[in-house]
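Read through the structure below, which is laid out as structure tokens, and then see the notes.
The values are calculated or read from the model by the stated rules, or taken from the named source; none is laboratory data. Bear in mind the structure is a predicted one, so any value in this text is a computation, not a measurement. Glycine also receives a Cβ, built like all others from the backbone with ideal geometry; neighbour counts cover every protein chain displayed. Side chains included, ligands, DNA and RNA excluded: accessible areas come from the protein's heavy atoms. Shrake-Rupley method; radii C 1.70, N 1.55, O 1.52, S 1.80 Å.
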Amino acid sequence: MTLPGDPTPRQTLERIIRVDHAGEYGAQRIYQGQIDVLGRGPRGDVLRHMQAQEQHHLDTFAGLIAERRVRPTALLPLWHLAGYALGAVTAAMGERAAMACTVAVEEAIDEHYSAQAASLGPDEAALRDTIEKFRGEELEHRAIGIEHEAELAPGYRLIHKVIKSGCKVAIAISERV
Ligand SMILES: [Fe+2]
Ligand SMILES: [Fe+2]
């Protein structure tokens with residue numbers, strides 16, 4: 001049932017594409033910040049692998065922005081800086097803290113993509129499949145983070161909590177602005 005004030009199906013679609021484009025943009029920037037700090041170390045290859053997947057996610061949503069004529073979020077310049085800063089700062093805290101950042105971010109994205117996929121009907125099956133495919137890759141990134149001892153980072157619980165809630169705020173803002 002649609003109530004007055006509820007978003008129309010078109011508005012819902014626009015929000016989905018806008019926020020996912022913003023999120024993948026930010027994710028790509030997080031890894032850039034981490035690679036600039038840790039890229040020549042033992043975690044360089046795994047960080048570049050995850051960044052390459054984020055770049056593919058980003059390119060896909062950039063294509064949808066154009067194809068479906070959706071306005072991108074006005075906050076891309078902010079996510080450009082904030083994503084990079086988050087990546088560079090966590091990387092400067094150490095390899096484990098960088099991985100803790102990945103675990104927290106990818107958990108937020110997993111929950112976000114799950115909710116989106118559930119909200120899309122059969123008329124948007126292709127978009128739903130794309131989201132589900134990317135969600136699978138985000139969960140792989142989370143697993144990579146755990147494998148590389150994210151949970152052993154000093155202050156893991158706090159880092160995880162702050163970053164995950166920060167992602168949720170960024171998601172809520174990027175859907176609307
Ligand atoms: Fe992604
Ligand atoms: Fe990811």
*Select, from GLY83, GLY41, the only residue that is under 24 Å from GLU149 (Cβ atoms), open to solvent by less than 40 Å² (accessible area, probe 1.4 Å), assigned to a helix (DSSP H, G or I) and in contact (Cβ under 8 Å) with a residue 24 or more places away in the chain.*
GLY83
*Determine which single condition ILE163 fails, assuming it passes every other condition in (1) at pLDDT 95 or above; (2) on the phi < 0 side of the Ramachandran plot; (3) open to solvent by 20 Å² or more (accessible area, probe 1.4 Å).*
(3)
*Which residue pairs have Cβ atoms under 7 Å apart, sit 6 or more places apart or on different chains, and have a first residue in segment 139-165 that is over 14 Å from MET50 (Cα atoms) and a second that is open to solvent by 60 Å² or more (accessible area, probe 1.4 Å) and assigned to a helix (DSSP H, G or I)?*
GLU149/ARG96; ALA150/ARG96; LEU152/ARG96; ALA153/ARG96
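Quickly run through segment 49-79 and pick out the residues that are of a type in the set (D, E, K, R) and either in contact with a Gly (Cβ under 7 Å, 6 or more places away or on another chain) or outside any loop (DSSP other than H, G, I, E, B) (or both). Let's see the steps before the verdict.
First, the residues of segment 49-79 that are of a type in the set (D, E, K, R): 54, 59, 67-69, 71.
Listed by number, the residues that qualify are GLU54, ASP59, GLU67.
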*Looking at ARG96, ARG135, which one is of a type in the set (Lys, Arg) and either touching a Lys or Arg at 6+ places or on another chain (Cβ under 9 Å) or under 24 Å from GLY44 (Cβ atoms) (or both)?*
ARG96
_I'd like the full set of residues that are closer than 15 Å to ALA82 by Cα and small (Gly, Ala, Ser), limited to segment 24-43._
GLY26, ALA27, GLY33
*Return the total of residues in segment 6-31 being more than 16 Å from GLU124 (Cβ to Cβ) and surrounded by fewer than 20 Cβ atoms within 10 Å (Cβ to Cβ).*
1
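Is it the case, given these coordinates, that GLU14 is away from ligand 2 (no atom under 14 Å from the Cβ), in a helix (DSSP H, G or I), of a type in the set (Asp, Glu) and within 21 Å of ASP129 (Cα to Cα)? Working first, answer last.
Details: away from ligand 2 (no atom under 14 Å from the Cβ): yes; in a helix (DSSP H, G or I): yes; of a type in the set (Asp, Glu): yes; within 21 Å of ASP129 (Cα to Cα): yes.
Taking the combined requirement at face value, the residue satisfies it.
Of the residues ALA52, ALA104, ALA118, ALA92, which single one is open to solvent by 30 Å² or more (accessible area, probe 1.4 Å) and within 16 Å of ligand 2 (Cβ to nearest atom)?
Numbers: ALA104 fails: open to solvent by 30 Å² or more (accessible area, probe 1.4 Å); ALA118 fails: within 16 Å of ligand 2 (Cβ to nearest atom); ALA92 fails: within 16 Å of ligand 2 (Cβ to nearest atom).
On inspection, the qualifying residue turns out to be ALA52.
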*Test TYR31 against the stated conditions and say whether it is within 12 Å of ligand 1 (Cβ to nearest atom), of a type in the set (Phe, Trp, Tyr) and assigned to a helix (DSSP H, G or I).*
yes
*asked:* Let me spell it out: the conditions are (1) over 26 Å from GLY145 (Cα atoms); (2) more than 15 Å from ligand 1 (Cβ to nearest atom); (3) open to solvent by less than 70 Å² (accessible area, probe 1.4 Å), and LEU64 meets all of them except one. Which number is the exception?
replied: (2)
